[in-house]
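For reference, the structure discussed in these notes is given below.
The values are calculated or read from the model by the stated rules, or taken from the named source; none is laboratory data. It should be emphasised that the depicted structure is a prediction, and the values quoted were computed from it without experimental measurement. Please note: Cβ atoms are built from the backbone with ideal geometry, for glycine as well, and neighbour counts cover all protein chains shown.
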Amino acid sequence: MDRRRIVNAAAAAFLPDLRYGAPVEGMSWCNVSYDADTGMGSFLLRMAPGATSRPHEHMDFEEFFVISGELVDADGTVFRSGDFVSFAPGSKHWSTTREGCVLAVFLRRANRRLEPGESLAP
């Protein structure tokens with residue numbers, strides 16, 4: 001039995017992103033190794049043009065590689081194709097994309113969704 005999994009970002013089957021409950025408009029994902037029980041693993045995340053993630057806090061490191069497109073963070077920082085980004089535990093943010101993007105995401109623990117009105121400040 002082959003114990004590896006190969007996922008091609010261009011041909012992957014993406015499903016609605018339900019990690020924070022209700023689907024996020026314009027966001028879909030392809031689970032590669034993410035385990036909902038531990039919050040650890042990897043997945044591909046596709047954001048359609050104009051999509052915005054829900055505000056959340058990183059409970060451990062979250063890292064992602066921008067495969068295509070660009071992502072704009074809450075503070076205005078633009079992450080472009082080829083960028084590898086690392087968010088430290090305790091960081092809070094949301095992101096949006098004007099043109100759409102595909103990310104390879106690596107989590108060590110599930111993120112915590114911020115409640116409406118909860119500050120992004122540490």
Which condition number in (1) within 25 Å of residue 10 (Cβ to Cβ); (2) of a type in the set (Lys, Arg); (3) modelled with pLDDT under 90 is the one that residue 112 fails?
-> (1)
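In segment 1-15, how many are within 13 Å of residue 31 (Cβ to Cβ), of a type outside the set (D, E, K, R) and either surrounded by 10 or more Cβ atoms within 10 Å (Cβ to Cβ) or out of contact with any strand residue (DSSP E or B) (no Cβ under 7 Å at 6 or more places or on another chain) (or both)?
We begin by selecting, within segment 1-15, every residue within 13 Å of residue 31 (Cβ to Cβ); these are 5, 7, 12-15.
Adding the requirement that they be of a type outside the set (D, E, K, R) leaves 7, 12-15.
Okay, now just the ones that are also either surrounded by 10 or more Cβ atoms within 10 Å (Cβ to Cβ) or out of contact with any strand residue (DSSP E or B) (no Cβ under 7 Å at 6 or more places or on another chain) (or both), so 7, 12, 14-15.
Count: 4.
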Residue list for segment 94-110, filter: small (Gly, Ala, Ser), assigned to a loop (DSSP other than H, G, I, E, B) and in contact with a strand residue (DSSP E or B) (Cβ under 6 Å, 6 or more places away or on another chain) = 100
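Determine whether residue 121 is part of a loop (DSSP other than H, G, I, E, B), aliphatic (A, V, I, L, M) and touching a residue at least 60 places away in the same chain (Cβ under 8 Å).
Numbers: part of a loop (DSSP other than H, G, I, E, B): yes; aliphatic (A, V, I, L, M): yes; touching a residue at least 60 places away in the same chain (Cβ under 8 Å): no.
Here the answer is no, as residue 121 does not meet what is asked.
Would you mind finding the one in 54, 80, 46 that is charged (D, E, K, R), in contact (Cβ under 8 Å) with a residue 60 or more places away in the chain and touching a strand residue (DSSP E or B) at 6+ places or on another chain (Cβ under 8 Å)? Before you say what the answer is, go through the steps one by one.
Values: 80 fails: in contact (Cβ under 8 Å) with a residue 60 or more places away in the chain; 46 fails: in contact (Cβ under 8 Å) with a residue 60 or more places away in the chain.
The unique qualifying residue is 54.
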Would you pick out the residues in segment 36-52 that are surrounded by 16 or more Cβ atoms within 10 Å (Cβ to Cβ) and either within 12 Å of residue 101 (Cα to Cα) or touching a helix residue (DSSP H, G or I) at 6+ places or on another chain (Cβ under 9 Å) (or both)?
-> 44, 45, 46, 47, 51, 52
Scan segment 62-83 residue by residue and report those that are more than 12 Å from the chain's Cα centre (by Cα) and either farther than 15 Å from residue 9 by Cβ or at pLDDT below 95 (or both).
-> 70, 72, 74, 75, 76, 77, 78, 79, 80, 83
